[in-house]
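S.K.: There's a structure below that I have some questions on.
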Amino acid sequence: MIADWRWPLLATGAILAAVLLWLSLAIAGNTGWRTAGLLASGVIMGALPWRFIALRRGRAERLEAVLRGIREGVILCDEHGTILFCNPAVKRILGDNRQIRPGGSLYGVWTQRPVEQTLQLLRRRCQRNPRADRLTEFVCATRDDGLLLHCRMSLLPSDSIWSSCFLLSFDDIGRQTHALGRRDRSLREAITALRAPLASLRAAAENVALEKDLSDDDRQLFEAMIVRESRELSRRFDYMASESEVVIAAPFSMADIHSSDLLASIRLRRGPSLPRLMEHGEPCWLHAETHSLSLILDHLLSRLRQEHGVRAALLQVRPGDRRVYLECLWRGRPIATAVLEHWLTEPLCGISGSTNTRDVLERHDSTAWSRRHPSYRDAAQLTIPLPAARHQRERLLQAG
Amino acid sequence: MAKHILIVDDEPNIVLSLEFLMRKRGYTVTTASDGEEALRLVDEHKPDLVLLDVMMPRMDGYQVCEVLRGRDDLKDLRIIMLTAKGRDVEREKGLSMGADEYITKPFSTQEVVTRVEQVLGGE
């Protein structure tokens, strides 16, 4: 069987042969031979390219038939984001009005930065270790309406003619993420709201039951409190029961990322709004919504530079039992709690809805704090605990 | 001389129970219902320990803790945070911000008493 790449050469050769044949017959001046030559060259010119195109089309149709059954959108792009192929699910997920078609640009719809960053991270990973996983996941938003997409990007085999291309498969998780976020927040608020009356109830009940020499006045006071707090607890429970629907535990779109890749992606796009960043310590794996996390780090670091006057900072990751502690250290004073709280509640650009840094951190079961460095009194730090990747935890366990 | 405890919480019922509990143990007790009042009462009474709620209007417990820990004249002051924020990471944050102990609501009264005695006894 002739390899795919030889067909264009054969077709070009055949076209040249046909043209030469027609020219030689034309020069010979014989009308019959000239007509026959014209027909022959036409057949050769027509047949070979069409054979080539038919073969490619046949393969494309078979590929499309396979991809048609896939629920996720699949797009094949070259290194510049030009679309070479897309399956029908793309239209279903993104809608008819999007300019997603072969020859168009991916970045007409996708936000360019997260795609390019992810591609860069993936290439770095494969350069570092050719046997590394050539696939990675991330979440990003569409440019016009912020539709949140869970994307899987994979590099094609390095020995294929498509080696500079990448494959992007995706699904809409915007609504799901939004609903999960709302449910997550409601559940957390409900649990927090129950703790206060429960604390008062328990303290009052224990005072009545356990304290000796309780005066009649004190007893009446705590008994009345028990009744009052029980009613409050019932009221809050009823509210919680009516508000909460069935909680389905579904994970947010998190993926493993190597801290060096994350920090490199921040450092590489460092603009004048960020402090000069240096990395310190051993890198490790963490589990996060990569794009959201890089956005919040961008946000916090730019605030650190612009509002706190930090011109240079050290970034390090410190592995803990279940978490990885991302720490930013600088010479100067810590960020005041009220100021940090304000930064955490500012809306983020480049992400759908009214998401802020706190929302993203809470999805990572995290928060942030700033304090004076425990060893260097003239230095301060910002700490963000993040979930460790599973194999990071396994490595720590194996290390004992 | 009896040790002095400042109880800071915006929930009056829990303040009442904790105040009763601490007085029964022989402590002198002052109460505040928000962070700003707490800072004023710290200056006024120089307590040995603050039982500090985290979620309060105007100025939360972390902010109060930050102000208190920033003052050299209060380095002997002990702080126990009481909070409805039950996540582990919040506990880590409280201790990193300078609290000596962190108790999650709802708590057993005996647990609070034990922690108070441990923290004051450890001076």
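The values are calculated or read from the model by the stated rules, or taken from the named source; none is laboratory data. Please read all numbers here as calculations on a predicted model, not as lab measurements. Methodologically, a virtual Cβ is constructed for each residue, glycine included, from the backbone with ideal geometry; neighbour enumeration extends over all protein chains shown.
S.K.: Of all strands (runs of 3 or more DSSP E) completely enclosed by region A:216-296, which ones contain at least 1 residues that are among the β-branched types (Val, Ile, Thr) and either touching a helix residue (DSSP H, G or I) at 6+ places or on another chain (Cβ under 9 Å) or modelled with pLDDT under 75 (or both)?
M.R.: Details: elements: A:255-258, A:276-280, A:285-288.
Result: A:255-258.
S.K.: Now a separate question. Working only within region B:1-20, note down all residues that are more than 14 Å from chain A (Cβ to nearest Cβ) and either out of contact with any Leu (no Cβ under 7 Å at 6 or more places or on another chain) or farther than 17 Å from B:Val64 by Cβ (or both).
M.R.: B:Met1, B:Ala2, B:Lys3, B:His4
S.K.: Of all residues in region A:305-328, which are within 14 Å of chain B (Cβ to nearest Cβ), in contact with a strand residue (DSSP E or B) (Cβ under 7 Å, 6 or more places away or on another chain) and either surrounded by fewer than 18 Cβ atoms within 10 Å (Cβ to Cβ) or not acidic (Asp, Glu) (or both)? So that I can check it myself, show each step before the final result.
M.R.: Taking region A:305-328 first, the residues within 14 Å of chain B (Cβ to nearest Cβ) are A:318, A:320-327.
Subset that is in contact with a strand residue (DSSP E or B) (Cβ under 7 Å, 6 or more places away or on another chain): A:318, A:322-327.
Residues satisfying the conditions are A:Arg318, A:Arg322, A:Arg323, A:Val324, A:Tyr325, A:Leu326.
S.K.: Go through region A:282-301 and count every residue that is surrounded by 17 or more Cβ atoms within 10 Å (Cβ to Cβ) and either at positive phi or not aliphatic (A, V, I, L, M) (or both).
M.R.: Of all residues in region A:282-301, those surrounded by 17 or more Cβ atoms within 10 Å (Cβ to Cβ) come to A:283-301.
Restricting the remaining residues to those that are either at positive phi or not aliphatic (A, V, I, L, M) (or both) gives A:283-285, A:287, A:289-292, A:294, A:298-299.
The total comes to 11.
S.K.: Only residues that are in contact with a Lys or Arg (Cβ under 7 Å, 6 or more places away or on another chain), within 16 Å of B:Ile5 (Cβ to Cβ) and of a type in the set (D, E, K, R): list them for region B:35-89, please.
M.R.: B:Asp48
S.K.: Can you say whether B:Val113 is within 13 Å of chain A (Cβ to nearest Cβ) and in a helix (DSSP H, G or I), as far as the supplied structure shows?
M.R.: On the way: within 13 Å of chain A (Cβ to nearest Cβ): yes; in a helix (DSSP H, G or I): yes.
Yes: the conditions hold for B:Val113.
S.K.: Could you grab me the full set of residues in region B:39-59 that are surrounded by fewer than 22 Cβ atoms within 10 Å (Cβ to Cβ), away from chain A (no Cβ under 11 Å) and closer than 29 Å to A:Glu223 by Cα? Before the answer, list the steps.
M.R.: Residues of region B:39-59 surrounded by fewer than 22 Cβ atoms within 10 Å (Cβ to Cβ): B:39-46, B:48, B:55, B:57-59.
Filter again for away from chain A (no Cβ under 11 Å), leaving B:39-46, B:48, B:57.
B:Pro57 - this is the single residue of region B:39-59 that is surrounded by fewer than 22 Cβ atoms within 10 Å (Cβ to Cβ), away from chain A (no Cβ under 11 Å) and closer than 29 Å to A:Glu223 by Cα.
S.K.: Continuing with this model, one more query. Could you grab me the full set of residues in region B:21-38 that are surrounded by 20 or more Cβ atoms within 10 Å (Cβ to Cβ) and within 14 Å of chain A (Cβ to nearest Cβ)?
M.R.: Once the filter is applied, which keeps residues that are surrounded by 20 or more Cβ atoms within 10 Å (Cβ to Cβ) and within 14 Å of chain A (Cβ to nearest Cβ), region B:21-38 yields B:Leu21, B:Met22, B:Gly35.
S.K.: What's the number of the condition A:Arg322 fails, among (1) under 23 Å from A:Gln120 (Cα atoms); (2) charged (D, E, K, R); (3) at pLDDT below 85?
M.R.: (1)
S.K.: May I ask you to list the residues in region A:336-363 that are more than 9 Å from chain B (Cβ to nearest Cβ), at pLDDT 85 or above and not in a helix (DSSP H, G or I)?
M.R.: Passing the criteria: A:Glu346, A:Asn356.
S.K.: For a quick check of your reading of the model, give me the residue pairs whose first member lies in region A:186-198 and is more than 7 Å from chain B (Cβ to nearest Cβ), whose second is part of a helix (DSSP H, G or I) and of a type in the set (Asp, Glu), with beta-carbon atoms closer than 6 Å and at least 6 apart or on different chains.
M.R.: A:Pro197/A:Glu229; A:Pro197/A:Glu232
S.K.: Could you check region B:1-89 for helices (runs of 4 or more DSSP H) lying wholly inside it with 1 or more residues that are within 19 Å of B:Thr109 (Cβ to Cβ) and touching a residue at least 12 places away in the same chain (Cβ under 8 Å)? Spell out how you get there, then give the answer.
M.R.: Details: elements: B:12-24, B:35-45, B:61-69.
Of the helices (runs of 4 or more DSSP H) lying wholly inside region B:1-89, those with at least 1 residues that are within 19 Å of B:Thr109 (Cβ to Cβ) and touching a residue at least 12 places away in the same chain (Cβ under 8 Å) span B:12-24.
S.K.: Next question. Determine which member of the set A:Ile75, A:Ile93 is buried (at least 20 other Cβ atoms within 10 Å of the Cβ) and modelled with pLDDT of 85 or more. Walk me through how you get there before you give the answer.
M.R.: Numbers: A:Ile93 fails: buried (at least 20 other Cβ atoms within 10 Å of the Cβ).
Among A:Ile75, A:Ile93, only A:Ile75 is buried (at least 20 other Cβ atoms within 10 Å of the Cβ) and modelled with pLDDT of 85 or more.
S.K.: Restrict the check to region B:72-91 and report whether at least one residue is more than 7 Å from every other protein chain (Cβ to nearest Cβ), small (Gly, Ala, Ser) and buried (at least 19 other Cβ atoms within 10 Å of the Cβ).
M.R.: No, the conditions are met nowhere in region B:72-91.
S.K.: Does region A:333-355 contain any residue that is over 27 Å from B:Arg69 (Cβ atoms), charged (D, E, K, R), within 25 Å of the chain's Cα centre (by Cα) and in the same structural domain as A:Ala389 (by TED's automatic domain parsing)? It would help to see each step written out before you state the result.
M.R.: Within region A:333-355, the first condition is being over 27 Å from B:Arg69 (Cβ atoms), and the residues that meet it are A:347-355.
From what's left, charged (D, E, K, R): none.
Looking for residues that are over 27 Å from B:Arg69 (Cβ atoms), charged (D, E, K, R), within 25 Å of the chain's Cα centre (by Cα) and in the same structural domain as A:Ala389 (by TED's automatic domain parsing), one finds none in region A:333-355, hence no.
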